[in-house]
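> Sending over a structure as C-alpha cells; questions will come in a sec.
No value in this document is a laboratory result; all are computed from the given coordinates. Just so you know, these numbers come straight off a predicted model, no measurement behind them. As a convention, Cβ positions derive from the backbone with ideal geometry for all residues, glycine included, and neighbour counts pool all protein chains shown.
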Amino acid sequence: MTSSGADPTPERVGSPDTGGPHRSRDGGFATIQFVLATGLALLFLVLVANIIVFQYGRGVVRAATDEAARAGSLAAGSDAERVEACGHRADDVLDDLLSGPLGDGVAVSCSVEYSGPVPVVTARADVTFRSWIDPVPDWSFTATAVAVSEEEP
C-alpha cells in the first residue's frame, strides 16, 4: 500500500491468482472426457473378466471330461454301466464347479469303443459359452478325454 492508502495495482476479481471464481470457455468439457474414459475402462474390465471366466470354464470342462472317462474306465460290468458311470461323474464335476448359466452350454456324452479286446471309454463335451456383451462372439469348443479300461487278470 502507498501512503495515501490506495493500492497502485488493484487485484482483478476472478483471476486464478486471487482464488476467486474463475470461468473458462471449456467449462464441463473435462467431465465429459472423464465419463467417457470411465465407461471405456469399465467396458474393458468386463471384456477381460469375460475372458477369464471363459478360461476357467474351459478348465472345468477339461477336468470333467478327464474324470468322467477315468470313472467310466474303472467301472466294472457292462458297457452300459461304464457309460452310466462316465455320465454321472461328468455331471457331478460340472454341477460342483460350473453351475448356473455358464454350465447350461455344456453337453457331455460318453461312449465305449473297443481297441482289440480292451474297452476304451471316451467322454466328449460340446460347449458354447455365451458372451456377456453382444458385440463379443460366443465361444464354442469341444473337449474329449479317453481312458483305457484295465480289467483285472
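> Normalised radius of gyration for the stretch 52-153, please: alpha carbon Rg relative to 2.2 N^0.38 Å, two decimal places. Before the final figure, lay out each step's value.
Working: Rg = 14.9 Å, N = 102, 2.2 N^0.38 = 12.8 Å.
For the stretch 52-153, the normalised Cα radius of gyration comes out at 1.17.
> Under a plain spin-label model, where a point goes 7 Å from the Cα along Cα-to-Cβ, how far apart in nm are Leu97 and Phe34?
Result: 4.4 nm between the two label points.
> Continuing with the same structure: Pop the C-beta distance of Leu43 and Arg130 into the FRET formula with R0 = 25 Å and round what comes out to the nearest 0.05.
0.90
> Rank-order 128-141, 30-43 by packing density, defined as the average count of other C-beta atoms within 10 Å over each peptide's residues, highest first. Don't jump to the answer; show the numbers that get you there.
Numbers: 128-141: 12.0, 30-43: 9.9.
So the order, starting with the most tightly packed, is 128-141, 30-43.
> If neighbour count is taken as other Cβ atoms inside 10 Å, put Ser73, Ser115, Ser109 in order from fewest to most.
Numbers: Ser73 23, Ser115 10, Ser109 14.
Listed from fewest to most nearby Cβ atoms, that is Ser115, Ser109, Ser73.
> What ranking do Asp95, Asp79, Asp66 get, fewest neighbouring Cβ atoms within 10 angstrom at the top? If you can, show how the numbers build up before the last one.
Details: Asp95 11, Asp79 16, Asp66 19.
Result, fewest neighbours first: Asp95, Asp79, Asp66.
> To continue, here is another question. Taking N as the number of residues in the stretch 26-102, what is its alpha-carbon radius of gyration divided by 2.2 N^0.38 Å? Could you put the intermediate results ahead of the total?
Working: Rg = 22.6 Å, N = 77, 2.2 N^0.38 = 11.5 Å.
Taking the Cα Rg and dividing by 2.2 N^0.38 Å, one obtains 1.97.
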